[in-house]
Every structure is written in structure tokens, then in C-alpha cells.
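Please read the structure below before turning to the comments.
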Amino acid sequence: MRRAIFPGSFDPLTNGHLDILSRSAPLFDEIVVSVLHNPEKNPMFTVEERCHMIEEVLSTVNSQNCRFIVESFSGLTAEFARERGATAIVRGLRAVSDYEYELRMALMNRRLEPAIETIFLMAGEEFSYVSSTLMKQVFELGGRVAGLIPETVETRMRVKVK
Ligand code: PNS
């Protein structure tokens, strides 16, 4: 059983996240989409709302025989990965600018849990500029984000930003 976790804040889930998830699906039997409980960061969506939105969208994604699970966690990602019996942490890379931060996290996570590897997947180039932060900012200022986030997420953002 090859199990990975795909950790993040997912505030909110973007099509870039879904792109990484579908690219990682053929590599694993099970992927736990792991939503960080981070109330101190003042997220737009509660962790429950984020998990619920991801579950809704995942039911429409072709999982290619990989089982997707959504769970929230707090504390260390490496510790959560070990507790869940994962052998890998999946992260997406969009551009060179992601590399330094991701490298530091991967090396720290490896120090914490040497048996767990971080696997980097390259996001599709159409998502190279898509981040949750940018999506929230553009949406709040009335810009179009259609095609960059799932429709259900956009609907829920509309309710939040009223
Ligand atoms: O995609 P994001 O939102 O930037 O995800 C960042 C995340 C959640 C992967 C990172 O902040 C994290 O792992 N936080 C949990 C605390 C932790 O383990 N910190 C040390 C990482 S080396």
C-alpha cells in the first residue's frame, strides 16, 4: 500500500491543487489531502469548510484507482505523515520561486522523519501563477477567477465576500 499525504492550507482549493493531485494519483494507492488547521492565520474558510469543499470537488476528479481521503491536522506535517503511515509528502512546484521555501521544508521534514520522502510534482504551466492568496485577493477586488478555482469554491467565496 503506497500512501502519501498532500498537505496545505487549501484556503481555498485551486485548480492548481487539483492538477497536482491528479498528477500524483497514478503514483499512490491512497492520498490523504491534509488540511492544516491554522486559525492564527485568519483564513477565509474554517478548516471544516475547506475539508467539505475539497470532498465535494474530489468526487468529480478521476482518481485513477487511487483513494482520496480528506483530513485536517494541526502541528507538524512530518509527524502527521508518520501517524498516517505515509511514505511520501506530495508538494507542487509552480516556478523557481517556490523552490527555496519548498527545499527548506523538505529538508526539515526529512530531518524530522527520515523515512518519509517529499515528492515534488511540476504544476501544469497554466497554473504556474495560481495561488490561494492571489485568488482571494483578485476575487475580493472583483476580478475574474473562473477556470482557476473550482466552481463550487467560487460560489462559496461569493457568499463569504458579500
Ligand atoms: O501550500 P501551503 O498552504 O503553503 O502549505 C504549507 C504547509 C501546510 C505544508 C506548511 O506550512 C506546513 O507543513 N505546516 C505545518 C507545520 C510544519 O510542519 N512546519 C514545519 C515544516 S518544515
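The values are calculated or read from the model by the stated rules, or taken from the named source; none is laboratory data. Computed from a predicted model, the values in this text were never measured in an experiment. Heads up, the Cβs are rebuilt from the backbone with ideal geometry, glycines too, and the neighbour counts pull from every protein chain shown. Just so you know, the surface numbers come from the protein's heavy atoms only, side chains and all, with ligands and any DNA or RNA stripped out. Shrake-Rupley method; radii C 1.70, N 1.55, O 1.52, S 1.80 Å.
Things worth noting here:
- In the set (1) closer than 21 Å to Lys162 by Cβ; (2) open to solvent by 10 Å² or more (accessible area, probe 1.4 Å); (3) part of a loop (DSSP other than H, G, I, E, B), the condition left unmet by Leu13 is number (2).
- Taken over the stretch 16-59, the criterion of being touching an Asp or Glu at 6+ places or on another chain (Cβ under 9 Å), surrounded by fewer than 15 Cβ atoms within 10 Å (Cβ to Cβ) and under 23 Å from Val145 (Cα atoms) is satisfied by Lys41 alone.
- The set of residues from the stretch 55-94 being among the β-branched types (Val, Ile, Thr), part of a strand (DSSP E or B) and more than 16 Å from Leu27 (Cβ to Cβ) comprises just one member, Val70.
- The sole residue among Glu83, Glu100 that is acidic (Asp, Glu), within 20 Å of Val70 (Cα to Cα) and at pLDDT 95 or above is Glu83.
- In the stretch 125-137, the residues that are of a type in the set (Val, Ile, Thr) form Cβ pairs under 6 Å with partners that are not in a helix (DSSP H, G or I), at six or more places apart or across chains, as follows: Val130/Thr14; Val130/Leu148.
- For the stretch 62-92, taking the residues that are surrounded by fewer than 21 Cβ atoms within 10 Å (Cβ to Cβ) and of a type in the set (Gly, Ala, Ser), the one that is farthest from the ligand (Cβ to nearest atom) is identified as Ser63.
- Count of the stretch 103-119 residues, restricted to those that are surrounded by 16 or more Cβ atoms within 10 Å (Cβ to Cβ) and in a helix (DSSP H, G or I), is 3.
- Criterion: touching a His at 6+ places or on another chain (Cβ under 7 Å) and farther than 17 Å from His17 by Cα - qualifying residue of Phe80, Phe73, Phe139: Phe73
- Counted residues, the stretch 94-123 - those being within 19 Å of Ala4 (Cβ to Cβ) and more than 11 Å from the ligand (Cβ to nearest atom): 9
- Filter result (part of a helix (DSSP H, G or I) and either of a type in the set (Phe, Trp, Tyr) or open to solvent by less than 70 Å² (accessible area, probe 1.4 Å) (or both)) within the stretch 123-162: Phe127, Ser132, Leu134, Met135, Lys136, Val138, Phe139, Thr152, Val153, Glu154, Met157, Val161
- Screening Gly75 with (1) more than 12 Å from the chain's Cα centre (by Cα); (2) within 19 Å of Arg2 (Cα to Cα) gives one miss only, at (2).
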